[in-house]
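Following: one structure in structure tokens, then a few remarks.
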Amino acid sequence: MQVKISKRAQILKPSPTLSVTALAKRMAAQGIDIISFGAGEPDFATPDYIKNAAHQALDQNFTYYTAAAGIPELRQAIAQKLLKDNNLTYSPDEILVSAGAKAALANVLLAVLDAGDEVLIPVPYWVSYPALVELCEAVPVYMPTSIENNFKITAAQLETTLAQLHHPKALILNSPNNPSGAVYAKEELVAIGEVCARHNILIISDEIYEKLIYDDRLHYSIAQISPEIQARTVIINGVSKAYAMTGWRLGWSAGPSSIIKSALLIQEHTLSCVNSITQKAAVAAYTTNDDSIEKMSQEFARRRDYLVTALNQIPHVTCPLPAGAFYAFPNIAYYFEDNNRGINNSIQLCEYLLQEFKVALVPGAAFGADEYVRFSYATSIENIIEGVKRFARGLKALIEA
Ligand SMILES: Cc1ncc(COP(=O)(O)O)c(C=O)c1O
């Protein structure tokens, strides 16, 4: 029987970040010595105190369905985290625990978007934003940024873009950003928040990299600006990146109760609840004082410094110093202009580097920025040293006569 696939599903394409890592892993499994910069997850183990909480939950047979929104203990712990880290007050019924930040975002978008609603997405963007917006039959509106402006949109640009739209509904902000590492400063967010308030725009603030921020900078959530801005913001966050817990699948949304309630209904009929053991582990993550996150962040900063310095030493490569997350996003456009392989886009370049120089990167095209490639430094310093050498050799070979 030939079943016609829904239009909704047909518009989706495989996630390019997952495909590069999958291809690199397949090549590595065949015994090929690949250096992969594809990972979107910390290469550290989940801290022991979190694993112990999961063991304990199992031993206590905490293995049944939980409340769909998450166990009260966890929602309370998240509310306390929001107060302590972000100076924001939320009640537990304004918090929804979902199966990863990705699912948290999907539930919220499904709860607020109608067909034809326009959603503003700064470029470069995390790959799933456009896909999820389109899944809701809404329309992504891309806002370009520049390397000179550290890949950030401005309030003036937002104002100009909004003036051209007919059904603007929401803005998706991501700070610290994947793939650029950009971090918005408080003043920038205040100006953006003011425009959103004037145009009645919902702000979806993806803060999943909150804990990975360098050089004594502080994370600032746009919801902190004022109670009015908080009332038009949904924060997306979770344990995946901060606590090296990507495979456990736990993220959450925090926002106005009307939105959270609707997102909860969607979750009730699709997921039921997040894995009960994972929820107990997340309680431990949020309520235990431990320096493992801080140590992980220091190690990321050390690798970032090495990687970005090495990249900027390669002729015609420009890489700004990322302020957060664990990605570097160098511009490599020079190498498309005149090379001996006819390579003229980031996908072809990444294929060439993987096949011939055994180094895996994610093409900038995946994030809407074809003149770039993304390096994840969630890999050992030894791999970074060797991988950058391969990258440099690959680029040089492209322009050798
Ligand atoms: C910006 C951004 N948001 C959300 C996520 C998803 O996080 P989770 O693994 O918790 O679903 C990622 C993961 O790569 C990300 O980079």
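The values are calculated or read from the model by the stated rules, or taken from the named source; none is laboratory data. As the structure is a prediction and not an experimental result, all values here were calculated from the model. Note that each Cβ is placed from the backbone with ideal geometry, even for glycine, and that neighbours are counted across all protein chains shown.
If I go through the range 64-76 residue by residue, how many of them are surrounded by fewer than 23 Cβ atoms within 10 Å (Cβ to Cβ) and either not assigned by TED's automatic domain parsing to the domain that holds Glu137 or not polar (S, T, N, Q) (or both)?
Taking the range 64-76 and keeping what is surrounded by fewer than 23 Cβ atoms within 10 Å (Cβ to Cβ), we get 64-68, 71-73, 76.
The next check asks that each one be either not assigned by TED's automatic domain parsing to the domain that holds Glu137 or not polar (S, T, N, Q) (or both); those that pass are 64-65, 67-68, 71-73.
Going through the range 64-76 one residue at a time, the tally reaches 7.
Determine whether the range 186-202 contains at least one residue that is within 16 Å of the ligand (Cβ to nearest atom), at negative phi and surrounded by 19 or more Cβ atoms within 10 Å (Cβ to Cβ).
Here is the first cut: in the range 186-202, the ones within 16 Å of the ligand (Cβ to nearest atom) are none.
Looking for residues that are within 16 Å of the ligand (Cβ to nearest atom), at negative phi and surrounded by 19 or more Cβ atoms within 10 Å (Cβ to Cβ), one finds none in the range 186-202, hence no.
Going by what's in this entry, would Pro42 be described as loosely packed, with under 14 Cβ neighbours inside 10 Å, within 23 Å of Phe367 (Cα to Cα), within 16 Å of the ligand (Cβ to nearest atom) and under 23 Å from the mean Cα position of the chain (by Cα)?
No, not satisfied.
Which condition number in (1) among the small types (Gly, Ala, Ser); (2) more than 15 Å from the ligand (Cβ to nearest atom); (3) surrounded by 16 or more Cβ atoms within 10 Å (Cβ to Cβ) is the one that Ala323 fails?
(2)
Could you grab the pairs with beta carbons closer than 6 Å, sequence gap of 6+ or different chains, first residue in the range 86-107 and within 16 Å of the ligand (Cβ to nearest atom), second one of a type in the set (Lys, Arg)?
Sorted first by the residue in the range 86-107, then by its partner, the pairs are Ile95/Arg75; Ala99/Arg249; Gly100/Arg249.
What residue, among those in the range 144-171 that are within 20 Å of the chain's Cα centre (by Cα) and outside any loop (DSSP other than H, G, I, E, B), is surrounded by the fewest Cβ atoms within 10 Å (Cβ to Cβ)?
Per the criteria, the residue is Ala170.
Which pairs have Cβ atoms under 7 Å, sit 6 or more apart or on different chains, and link a residue in the range 26-49 that is outside any helix (DSSP H, G or I) to one that is surrounded by fewer than 16 Cβ atoms within 10 Å (Cβ to Cβ) and small (Gly, Ala, Ser)?
Hits for this filter: Ile34/Ala28.
Consider Val141 carefully, then state whether it is outside any loop (DSSP other than H, G, I, E, B) and within 16 Å of the ligand (Cβ to nearest atom).
Details: outside any loop (DSSP other than H, G, I, E, B): yes; within 16 Å of the ligand (Cβ to nearest atom): no.
No, not satisfied.
Could you grab the pairs with beta carbons closer than 7 Å, sequence gap of 6+ or different chains, first residue in the range 219-247 and away from the ligand (no atom under 14 Å from the Cβ), second one among the charged types (D, E, K, R) and part of a loop (DSSP other than H, G, I, E, B)?
Ser221/Glu207
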